Amino acid sequence: MDRFAPTTNDYGLLAMPLEEAASAFTALWADVPHVMSRSDLQGSSGEVFLHLEPLSMALDRALLVANGNMWTSYFANGLIGSDVFLPVSRMAAARGCTGVRVARSSTATIFASYEGPERGGRINNHRRSIYVAREGGWKFGSAGDPYPFEDVSLYEAKRVRDRFTPAHLDDLLAGLGAPLGPLPDAPKLEAVMFVHHDRAPQLRRWTYSEVQAGLPWKRDEP
């Protein structure tokens, strides 16, 4: 899925079927004055993910993809990832289910789960978070009560980067009954696209290839 980085490097999961997730997303924005359209999509990953272009800091496109019968993956068209916290945490709390943020890259492995207060969520619906990231040096952090299926002894590894690895992340997802990858192993995807048509039109838009080449962070030639 590197073809669609950074979108697939940082994404969300919701423990609800696709149509329920689409309804939850619509309800999330129901009281906000703006123009939003919905499109139902079916096709290969390449066909579906190209609908997220152009990428932008406006995050004006959101893609929900069925990931099995009972989970939905969430993606958005951000320049550094899908920025899932606000939509995924609020949809999970509103529907009484689990929401997850997953980030995998050469410089970070991140897990964050979201639940409503009645399911153990705390401030802003945070339930549990664990990460290892390289910011100068490697750093590890965690917050929230461990799940019963967590092996917390792993977090005492001598090397900081070994305290939370992609394999540990997979174990957490499996413990929640969540898919281990951003997309199902299927030739065709079932998806729903939402577009916010009037969000930050002044911001520049980019293709996947332009973002992967680092163009948004390069100064324009004089």
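The values are calculated or read from the model by the stated rules, or taken from the named source; none is laboratory data. Remember, it's a predicted structure, so these values are computed and weren't measured experimentally. Neighbour counts are summed over all protein chains in view; Cβ atoms, including those assigned to glycine, are modelled from backbone coordinates with ideal geometry.
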- request: Starting from residues that are at pLDDT 95 or above and under 12 Å from the mean Cα position of the chain (by Cα), keep the ones in the range 1-17 and report whichever is farthest from E53 (Cα to Cα).
  value: L14
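Would you list the strands (runs of 3 or more DSSP E) that sit entirely within the range 78-160 and hold 3 or more residues that are closer than 16 Å to L13 by Cα and of a type outside the set (S, T, N, Q)? Quick ask: steps written out before the conclusion?
Numbers: elements: 99-105, 108-114, 126-135, 137-143.
Per the criteria, 99-105, 108-114, 126-135.
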message: S129 - would you say it is closer than 25 Å to P87 by Cα and more than 18 Å from the chain's Cα centre (by Cα)?
response: no
task: Considering every residue within the range 71-91, establish whether at least one is of a type in the set (D, E), farther than 30 Å from L215 by Cα and touching a strand residue (DSSP E or B) at 6+ places or on another chain (Cβ under 9 Å).
output: no
query: Is it the case that some residue within the range 171-180 is modelled with pLDDT of 95 or more, surrounded by fewer than 16 Cβ atoms within 10 Å (Cβ to Cβ), touching an Asp or Glu at 6+ places or on another chain (Cβ under 8 Å) and within 24 Å of P6 (Cβ to Cβ)?
result: yes
field: Test set (1) without any contact (Cβ under 8 Å) to a residue 60 or more places away in the chain; (2) in a strand (DSSP E or B) - S39 fails condition number
entry: (1)
task: Answer yes if at least one residue in the range 70-81 is touching a residue at least 12 places away in the same chain (Cβ under 8 Å), out of contact with any helix residue (DSSP H, G or I) (no Cβ under 9 Å at 6 or more places or on another chain) and surrounded by fewer than 20 Cβ atoms within 10 Å (Cβ to Cβ), and no otherwise.
output: yes
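Return the residue satisfying two criteria in turn: it lies in the range 1-36 and is assigned to a helix (DSSP H, G or I) and aliphatic (A, V, I, L, M), and of such residues it is surrounded by the fewest Cβ atoms within 10 Å (Cβ to Cβ).
Just the residues of the range 1-36 that are assigned to a helix (DSSP H, G or I), to begin with: 2-4, 7-9, 18-28.
Imposing the further condition that a residue be aliphatic (A, V, I, L, M) reduces the set to 18, 21-22, 24, 27-28.
Working: L18: 23, A21: 29, A22: 20, A24: 22, A27: 13, L28: 16.
So the residue we want is A27.
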field: Number of positions in the range 109-132 that are crowded, with 21+ Cβ neighbours inside 10 Å and small (G, A, S)
entry: 3
